1. Taking Cα centroids, how far is the stretch A:382-450 from the stretch A:328-359 in Å?
2. At residue A:343 and residue B:44, where each label point lies 7 Å from the Cα along Cα→Cβ, what is the point-to-point distance in nanometres?
3. For A:76, B:21, A:240, A:383, what ranking results if the residue with the fewest other Cβ atoms within 10 Å of its Cβ goes first?
4. So if each residue of separation counts as 0.36 nm, and I subtract the Cα-Cα distance between residue A:201 and residue A:281, what length gain in nm does that give?
5. What is the calculated FRET efficiency for residue A:294 to residue A:165, with r their C-beta to C-beta distance and R₀ = 56 Å, to the nearest 0.05?
6. Where does each of A:157, A:55, A:30 land when they are ranked from fewest to most other beta-carbon atoms within 10 angstrom?
7. First obtain the Kirkwood hydrodynamic radius of the stretch A:313-357 from its Cα pairs, then insert it into the Stokes-Einstein equation at 20 °C and 1.002 mPa s, and state the resulting D in µm² per second as a whole number.
8. What order do you get for A:393, A:231 when you list them from fewest to most C-beta neighbours inside 10 Å?
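Every number here is computed from the coordinates shown, using simple stated rules; none is lab data. Worth saying up front: this structure is predicted, and the values here are computed from it rather than measured. Glycine gets a Cβ as well: all are built from the backbone with ideal geometry, and neighbour counts include every protein chain shown.
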């Protein structure tokens with residue numbers, strides 16, 4: 001039972017309530033009954049000061065006279081005085097003899113007294129005087145004592161009732177806690193058993209448990225989407241790799257059965273090897289994307305000038321474009337500073353250029369431009385190819401996505417996925433738009449060096465799909 | 001919890017020493033003290049340069065009568081009030 005969180009919460013609730021009530025009760029007692037006691041003590045102290053002055057002025061006779069006067073004028077009939085000599089013989093006052101319980105001067109004593117045959121309670125204090133005399137000053141506190149007793153009894157009973165209420169409250173708290181947790185627990189058990197469609201039921205009150213349930217449900221939704229993504233990627237991998245693997249197998253089988261010469265056999269093996277190299281390349285691309293999305297490359301970020309990097313790429317892809325009869329236009333600034341991984345950015349822009357050249361029609365134009373925008377460098381790659389329909393653009397960066405126009409073009413469907421992963425890793429974005437002159441316009445935005453150098457954990461993980 | 005509170009309450013109660021066998025008798029509730037007060041009132045009336053007020057006269061008369069009829073406590077209270085009034089309403093309390 002002590003290991004139960006519900007029990008602990010309930011116990012803490014009960015203890016806090018009891019402690020608060022006890023503290024409040026003690027304060028009430030201190031401010032009422034305690035105040036009465038303090039008033040009596042103050043009255044005795046004041047009395048002593050006056051009598052001490054008389055003693056100093058007129059010695060024993062003066063003190064006797066003052067005590068007598070005070071007793072005669074004591075309208076409240078509550079004063080007690082007793083002056084005795086060193087042998088405790090009574091000299092003045094209204095107490096018959098020195099009480100045996102009062103042994104030392106200083107502390108206050110409670111004294112049982114008899115007034116006209118009726119028992120009463122007094123609070124007294126003894127003072128030593130020069131010459132061995134002793135003075136007892138007191139007040140009748142019977143009424144105050146009764147009031148204090150009543151108050152104390154009332155407070156104690158209130159505490160007993162409060163303890164009972166605290167116990168009942170603790171049980172209610174425990175029950176509510178268990179009920180709220182049971183809802184989450186049942187859902188978690190169902191999910192653990194494989195039913196991912198289960199969700200935590202909301203009470204509709206909008207309280208903390210509802211907020212927790214909403215967070216858990218959001219988490220489950222996201223896990224569901226991720227699982228769908230994983231399933232989709234697995235299906236895509238299986239689908240995209242089945243064709244080249246089957247093709248390689250068929251070629252090898254055909255060569256084994258029908259090759260007549262060693263040269264035929266060699267040629268079949270080489271073609272199968274090319275197919276398998278393509279498969280390996282797909283896996284390498286997938287691993288690279290996973291590595292980028294994991295954010296581990298972020299530790300190697302530095303300040304980078306993209307201008308020479310883009311110029312090198314333009315030179316490289318200029319030759320490729322020329323072979324396809326495609327013109328490559330460039331418009332680059334003198335300097336384009338950013339903060340990131342130069343190799344990854346180069347890979348991302350290379351993918352964009354590769355796509356642009358690949359999908360451009362003969363005699364088309366690919367334009368590579370970059371501007372140092374206020375928010376960071378922006379790299380644009382525009383082509384005059386078939387473009388991507390607006391409905392497909394949000395899916396274009398998913399793994400293995402192949403648009404209708406790209407069905408018959410070689411490719412793995414991972415190029416734009418990698419570009420987006422690189423953009424997210426750098427805290428930037430990849431936008432795919434329609435090129436005003438027809439075709440696709442890919443806009444890769446990266447942060448300024450100052451912004452990129454700030455820690456930004458949100459961008460270290462890009463969505464899986 | 002109750003024990004703790006009781007302990008706290010007990011701490012605030014004045015210190016007592018050995019248990020008391022019998023209550024100590026207070027002598028300012030006795031007929032003798034009543035007579036003593038009456039003597040004082042009479043003495044002050046005699047020594048006063050002006051006659052006492054009607055209230056003082058009434059209080060002392062009532063006090064005397066009550067003490068004579070055994071109502072000591074009430075008689076003492078009235079005589080004390082008469083004394084206080086004669087002394088200019090200055091109480092020692």
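1. For the stretch A:382-450 versus the stretch A:328-359, the Cα centre distance is 13 Å.
2. 11.2
3. Values: A:76 11, B:21 8, A:240 19, A:383 27.
Going from least to most buried by this count: B:21, A:76, A:240, A:383.
4. Details: separation 80, 0.36 × 80 = 28.80 nm, distance 4.64 nm.
Fully extending the segment from residue A:201 to residue A:281 adds 24.2 nm.
5. Numbers: r = 56 Å, r/R0 = 0.99.
Using R0 = 56 Å, I get an efficiency of 0.50.
6. Lowest to highest Cβ neighbour count: A:157, A:30, A:55.
7. Values: Rh = 11.6 Å.
Estimated via Stokes-Einstein, D reaches 184 µm²/s.
8. Numbers: A:393 17, A:231 11.
Ranked by crowding around the Cβ, least crowded first: A:231, A:393.
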